[in-house]
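Read the structure below first, then the notes.
The values are calculated or read from the model by the stated rules, or taken from the named source; none is laboratory data. Since the model is a prediction, treat every value here as computed from it, not as a measurement. Here the Cβ positions follow ideal geometry from the backbone for every residue, glycine too, while neighbour counts run over all protein chains shown. These accessible areas exclude ligands, DNA and RNA; they are computed on the full protein's heavy atoms, side chains included. Shrake-Rupley method; radii C 1.70, N 1.55, O 1.52, S 1.80 Å.
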Amino acid sequence: MSAVTQRYDAPDTIEEAVRLMAGGTVSVLAGGTDLMPQSRAGRVTLAPTLLSLRRIAQMRGLSDEGDSLRIGATTTLAALARDPLAKTQLPLLVEAIDHFASAQIRNAATIGGNVCNASPAGDMIGPLLVLDASVELVAFRDGALVSRRVALEEFFTGPGRTVRAPDELLVAIHVPKPAPGAFARFHKFGVRPALDISAIAISIAGAIRDGVLHDVRVAFGALGPTPLRGRATEAALEGHALDEATIAKAARAAREEVHPISDVRASAWYRAEMVENMTRRLLQDVR
């Protein structure tokens, strides 16, 4: 704990947790794989109360809700990857988890923590964006529980920043079930595919019906201050057959619409090259 952290709470229910958060002076602890290293490095100052979510059963596991799937925010990535329902309904997430850090970290890291950390290179964020996910936020206000849903695309406001209020707890992620003919692909590029932070990450999802692409969603990670929906790339694909001409057009659109940063992991030029090449390869794989 930091020098200012004076109290540790581990509630059993969501209501207990958000009651404790109502004062806005808590640091929320799930897996701790981001929070603890950041606090030790001085990038995050822990609040007077450290609030652990590990005992809240309502926030763990994957469940079927009819038209959608609910992922509890404290579900570890390792547990999600093993879940039979995830393997059949959310194979894109299972694939992305296989490229997430190390096995030891996947045993502790939670999907809600990866989303709330709001890193532009967050490995779970791109796949969830193209799966049209939304987050469920709960707070305790005026003596009652208040909840709201926010589309994941609208959740991020900058590196490490989201629309979540200090008294709100992200309790679950909701993902629509895949449509007939659905496909999804994920690619992460780094010096080491899993242990490194992404230099680029691309997620693509949609459906092919009667040989034509529908409901296409594309997301790019590690290119700017927030994860990015590839609207121009989507437009180049939507309503077209997935032939070589369409693939080439979409790959060019991807390169033209991203405005990558340069940092220690890659230059802007190299990132743009990789975006075009990897978009082409992912789409060729769908064919």
_Filter result for HIS240 (open to solvent by 50 Å² or more (accessible area, probe 1.4 Å), under 26 Å from ASP196 (Cα atoms) and not small (Gly, Ala, Ser))_ = no
*Which one is surrounded by the fewest Cβ atoms within 10 Å (Cβ to Cβ) among residues in the range 149-178 that are within 24 Å of PRO120 (Cβ to Cβ) and of a type in the set (Lys, Arg)?*
ARG149
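Per-residue answers, yes or no, for (1) closer than 30 Å to GLN89 by Cβ; (2) at pLDDT 90 or above:
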{"position": "THR5", "(1), (2)": "no, no"}
{"position": "TYR8", "(1), (2)": "no, yes"}
{"position": "VAL18", "(1), (2)": "yes, yes"}
{"position": "LEU50", "(1), (2)": "no, yes"}
{"position": "ILE56", "(1), (2)": "yes, yes"}
{"position": "GLU65", "(1), (2)": "yes, yes"}
{"position": "ARG70", "(1), (2)": "yes, yes"}
*Output the qualifying pairs, or none if there are none: Cβ atoms under 9 angstrom, residues six or more apart or on different chains, first residue in the range 35-51 and closer than 18 Å to PRO11 by Cβ and in contact (Cβ under 8 Å) with a residue 40 or more places away in the chain, second residue part of a helix (DSSP H, G or I) and open to solvent by 50 Å² or more (accessible area, probe 1.4 Å).*
THR49/LEU20; LEU51/LEU20
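Going through LEU169, LEU137, LEU152, LEU128 one at a time, which residue ends up being closer than 19 Å to ILE200 by Cα and touching a strand residue (DSSP E or B) at 6+ places or on another chain (Cβ under 9 Å)?
Numbers: LEU169 fails: closer than 19 Å to ILE200 by Cα; LEU137 fails: closer than 19 Å to ILE200 by Cα; LEU152 fails: closer than 19 Å to ILE200 by Cα.
Testing whether each residue is closer than 19 Å to ILE200 by Cα and touching a strand residue (DSSP E or B) at 6+ places or on another chain (Cβ under 9 Å) leaves just LEU128.
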_Just to be sure before I move on: is ALA179 small (Gly, Ala, Ser), farther than 25 Å from GLN58 by Cβ and in a strand (DSSP E or B) in the structure I sent?_
no
*Assess whether ARG185 counts as being under 27 Å from GLU65 (Cα atoms), assigned to a loop (DSSP other than H, G, I, E, B), modelled with pLDDT of 95 or more and out of contact with any Gly (no Cβ under 6 Å at 6 or more places or on another chain).*
no
*ASP123 being open to solvent by 20 Å² or more (accessible area, probe 1.4 Å), assigned to a loop (DSSP other than H, G, I, E, B) and of a type outside the set (Gly, Ala, Ser)*: no
*Restricting attention to the range 179-225, which residues are over 22 Å from LYS249 (Cβ atoms), surrounded by 19 or more Cβ atoms within 10 Å (Cβ to Cβ) and of a type outside the set (A, V, I, L, M, F, W, C)?*
LYS188, SER198, GLY221
